[in-house]
Every structure is written in structure tokens, then in C-alpha cells.
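> What follows is a single structure, and I will ask about it in a moment.
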Amino acid sequence: MSTSAATVLDALGDGHRRSIMEHLAEGPLAVGVLADRLPISRPAVSQHLRVLKEAELVVESAAGTRRFYRVNPAGLAAVREYFDRFWSTTLDNFAALAETESTRSTS
Amino acid sequence: MSTNSTTEIQVHRTVSVPLPPERAFDLFTARMSEFWPSEHSIGESALAEVVVEPSDGGRWFERGVDGAECDWGRVAEWAPPGRLVLLWQIGADWRFDPELETEVEVTFTEESPGRTRLDLRHRHLERMGDKAEVMRGVFDSPGGWAGTLANLVDLVG
């Protein structure tokens, strides 16, 4: 698995971070608003956002003096690509077996 | 655990095979051992057999060469010849976890007489994230999953 895929799974392996992702799914939010909605402190929210940002799951933007965070859908691509390759290999194996079977039945 | 769509990780693969749906379904479920990447097993001994019990609620498990059985998940929907839904309950640490449910849906559609298209969707992969630390070790080691898959492509090709 690529490092980025493992990083994404690490980032999602925390309940608070998943909660943050769910809140952000409804639209961009500032840190303070997130902290109000979650049972954790503002510094803790900032820390989680930093991890999510490093995993490229969220992106940050500034409006005046406030910083907003929103979901970056492309961030999940690495994990998806990894499993995509796994199933591709497995189904290729299956297709090869099916080819053999069809030859057997018609010969 | 949430099923919010934004954080859902899903993959979709398709393949077309020269068999009618009935035979494709049968091959996929009854002889999974013959196309499953054999290094991808969770038992202590080598993989001898992959079993999908043919009914709703049936078990999905592997049997090692030592005879020991390890659960992988269960059959959520057994609807031959068109549809099969398996619950993959193997966590990122490669242990069976009854709390974990990722879904593997496979549909078999007749494209033309004697030819079937398989659509495979593996949903909720993000749920494996709970044990991502362990997963990282498995995937990054040279003998890990990624390495063995590369070998298998050569074998099959």
C-alpha cells in the first residue's frame, strides 16, 4: 500500500476525526464552530484538523482572519486505488479460470 | 459508525467472462480457492480452500492445509444467478472482527448468450481505518499484500 493510502486510513482511524469529516461534509466550517459542535476542546480540534490536512482529506481556506476547512474528496483516492488493484487482480484471475472452463466445456 | 457518503471508500471493478451467468456464479462461489490470491489469507497455515456457504446468512471462511477454519465474513444475500452480497469482516490487522462490516456486492449480467459481465463493488473500506496502524505494517513489508499481488499477476498471465 502506498504511504498516502496508509496515511488516509490512519487519519480516519479516529472517531473524532471521522466526526469532523461528517460535520464538514455539510459544508465548510471554521475551527471554532467545529469545537462548539464536538465534545472536544478547540486545540484538540485543531490538532485533528492538522492530521486530516496532512492526509489531504481536508483543505483549508482563509476568509478575512478566519480559517475555514472543507472536505477534499480526492483525499480518499489513494485507498480506493489500492483496493481497486486488489480486486482487479482477483477478477483477472477469475476471468482466466472462466476462459479455461469455457474451453473445457466446448472441446 | 457513520456511513456518511463523503467518507465512504468504495471500489468498483468489472470483468467479462465467456460463461452464462449460472456457470459464472457457480464458478465464483464454489471455486473461489482457484482464483483468490492465495497469500491473502488469515490462517496460521497455508490456504487450502475458500468456502462460501450457499445460502443467506451462510459463512464465508478459509480452511487451512492443517484443517483449521478462519471466518472471513458471511453471505448477506445469496441470489443466483444474478446477485451475491458478501460481508467482508476481516479487519486491517487480518483478523476476523464481527463488529466490522464491509460489503462486497457482485452482480452477474448476461451480455450476450454465453457471456456474462461481473460487477464487483466493495463498499465501506474506510471502516478498516480503525486498525490502520497495524495495516500499515502489513502493507509496507516486502512480503505484504502489495508484494504478493505483483507476483500473482505474473503467475496468472
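The values are calculated or read from the model by the stated rules, or taken from the named source; none is laboratory data. The structure presented is a predicted model; accordingly, all values stated were derived computationally and were not measured. Cβ atoms come from the backbone with ideal geometry, glycine included; neighbour counts cover every protein chain shown. Side chains included, ligands, DNA and RNA excluded: accessible areas come from the protein's heavy atoms. Shrake-Rupley method; radii C 1.70, N 1.55, O 1.52, S 1.80 Å.
> Take every residue in peptide A:56-69, count the Cβ atoms of other chains within 10 Å of its Cβ, and give the average of those counts.
0
> For the residue pair A:Q47 and B:T14, what label-to-label distance in nm results when each label sits 7 Å from Cα along the Cα-to-beta-carbon direction?
For the pair A:Q47/B:T14, the computed spacing is 4.7 nm.
> Interface size between chain B and chain A, please: total buried accessible area, 1.4 Å probe, rounded to the nearest 100 Å².
In total, chains B and A hide about 4000 Å² from solvent.
> Could I ask something else about it? Considering only the other residues whose Cβ falls under 12 Å of the Cβ of A:A30, what net charge follows from Lys and Arg at +1 and Asp and Glu at -1?
The answer is +3.
> Once you list every other residue whose beta carbon is under 10 Å from the beta carbon of B:R117, what net charge do they have if Lys and Arg are +1 and Asp and Glu are -1?
Around B:R117, the surrounding residues sum to -2.
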